[in-house]
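The next block holds one structure in the form of structure tokens; read it before the comments.
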Amino acid sequence: MKMWSGRFRQPLDAEFERWQRSFGFDKRLLKYEIEASGSHARALKSAGVLSADDLISILQGLRQIGEQASASPAFLEDEEAEDVHHFVEKQLVALIGEAGYKLHSGRSRNEQIATDLRLYVRAVIDQLRAELAELCGVIADRAEQSGDAAMPAYTHLQRAEPVLVGHWLLAYVQMLLRDADRLADCRKRGNLCPLGSGAVAGATVPLDRTTMAESLGFDGPTANSLDATSDRDFAIEFVNALSLLAMHLSRWAEEMILFSSQEYEFIGLPEPYSTGSSAMPQKKNPDLLELVRGKSGRVLGNAMALSAALKGLPLAYNKDLQETQEPVFAAAEALLQMLPLVAGWMKSVEFHFERMLESTQSGFMNAWAAATYLVQRGVPSRLAHEKIGRAVQMCLERNCELQELSLESLQSLSPAFGEDFYESLTLAAVLAAHDVPGGTAPARVRQAIDMARKQIESLREEVHAHA
Ligand code: ARG
């Protein structure tokens, strides 16, 4: 039986009927539909609408539907169900008879979908935060194992200054920890329960909204029924947070692709995550990285699709809102699949430390340190910059590096140059000079690893507390 056929004289056009259904995708919400329906049923019993017997058979029926769904995916192949709400009602009536129709007393699908989707988003946030903790842990391990290995850091993709490999890797940990934080923030704001909002104006049965909210782990009931039934901010925030996360992974992928090329050779691609070419026998291609970069574009699209779906909607529920589900599922599933793969890749990538070190030896990456040497000897910074620029100019003419210029040549530029200039130009000295919190001096990087580990640990604890 349809959920709404009473006032209609004509049946639905068959093609339209198929086209407007959402069960093909909202079946993902079954678990949450069952949980929320259980809470609603208990509230109906407390409000005197259901008898104790009705409640028991409804709860048993709901449990059975959940069990059947996990036992056999074929159970969810239903050509008739309009959406997950209709599916559960149909199955419930098939299992327990007419009492099943009582479950819908005092509620509307508008509040149900708003509730189910919030529960889904909340669960995925917890899973993604656990995956992020895992990935950050793997990157922190690789940072620690890199010890004092150094590599060039780039600005404008030109060699700029040397950094520790660990310092480079920890940059990604910080991005990902911000993503985890954004998700936590979104979870907090979205953790309110629409149940009891009815179709638009609030339930017509005196339901205990606070108890329903608490039983589903929400912080409380939503404050306004029009808002609650038409609000998808939680979904938009969630997918936007995911689009940032995907953008970070895409930047990571791009950099790894670059560093794996023969032009850099900083990293060796892990074979279990790479493929060959059907044409060129020598090829090993960075497919995982390219797909991360490619799929992240779709997540950005999902975020755009959601905002676009909402921007023209008057209050309150409009069927357009059904279109907000698929972008949420698509973005969530994309990242749930991607993060463990990225962690696996990070675990097995090879770093070519020697090649990285070799690249730190040329390209005047000690030029800023050289200018600082002059500043410490009283030369005003702008002038020191100019003098070292001239020294670089000399090197370019002679095809050498700064440390290869004679003291005599240097002193022709400034009398402030002394023998100790050369010591300040060694890789170790240049690295050690960046001795500020957040800088690349080896002692600072060791501190940063410890700090990152603490951040990861508290992320793990937060995730655990929600489990
Ligand atoms: N499948 C619908 C959705 O996702 C459920 C709500 C239907 N409400 C309605 N008034 N037709 O939005």
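What the table shows:
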{"quantity": "Under 14 Å from residue 295, Cα to Cα: aspartates and glutamates that are on another chain or at least 8 residues apart", "calculated": "254, 287, 333"}
{"quantity": "Rounded accessible area of residue 381 (nearest 10 Å², 1.4 Å probe)", "calculated": "70"}
{"quantity": "Helix axis angle, 442-466 relative to the chain longest principal axis, alpha carbon, degrees", "calculated": "0"}
{"quantity": "Charge dipole (debye, nearest 20) of the chain; +1 at Cβ of Lys and Arg, -1 at Cβ of Asp and Glu", "calculated": "900"}
{"quantity": "Estimated FRET transfer efficiency when R0 is 45 angstrom, pair residue 254-residue 56 (beta carbons, to 0.05)", "calculated": "0.20"}
{"quantity": "About the Cα centre, charge dipole magnitude for the range 120-166 (Lys/Arg +1, Asp/Glu -1 at Cβ), debye", "calculated": "180"}
{"quantity": "Residues residue 211 and residue 411, FRET efficiency given R0 of 51 Å [Cβ-Cβ distance, rounded to 0.05]", "calculated": "0.05"}
{"quantity": "Accessible surface, 1.4 Å probe, highest first, among residues 232, 122, 182, 398", "calculated": "398, 182, 122, 232"}
{"quantity": "The chain: radius of gyration and largest Cα-Cα distance (Dmax), Å", "calculated": "30.3, 101"}
{"quantity": "Nearest 10 degrees, 0 to 90: helix 84-96 Cα axis against the chain principal axis", "calculated": "40"}
{"quantity": "Proximal lysines to residue 2, defined as alpha-carbon separation beneath 20 angstrom and excluding residues fewer than eight positions away on the same chain", "calculated": "27, 90, 102, 319"}
{"quantity": "Helix-only CD estimate at 222 nm, as mean residue ellipticity for the chain, using -39500 (n - 2.57) per DSSP H run (n ≥ 4)", "calculated": "-20500 deg cm²/dmol"}
{"quantity": "Spin-label model distance (nm) - residue 397 vs residue 304, 7 Å beyond Cα toward Cβ", "calculated": "5.3"}
{"quantity": "Relative contact order for the range 182-255, counting Cα pairs under 8 Å that sit 6 or more residues apart, in percent", "calculated": "35"}
{"quantity": "For residue 292, solvent-accessible area (1.4 Å; no DNA, RNA or ligand), Å²", "calculated": "10"}
{"quantity": "Helix 287-310 axis, angle to the chain major axis (alpha carbon atoms, nearest 10°)", "calculated": "50"}
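The values are calculated or read from the model by the stated rules, or taken from the named source; none is laboratory data. The structure presented is a predicted model; accordingly, all values stated were derived computationally and were not measured. Every residue, glycine among them, receives a Cβ derived from its backbone with ideal geometry; neighbour counts consider all protein chains shown. Ligands, DNA and RNA are stripped out before the accessible areas are found, and what is left, the full protein with its side chains, is counted by its heavy atoms. Shrake-Rupley method; radii C 1.70, N 1.55, O 1.52, S 1.80 Å.
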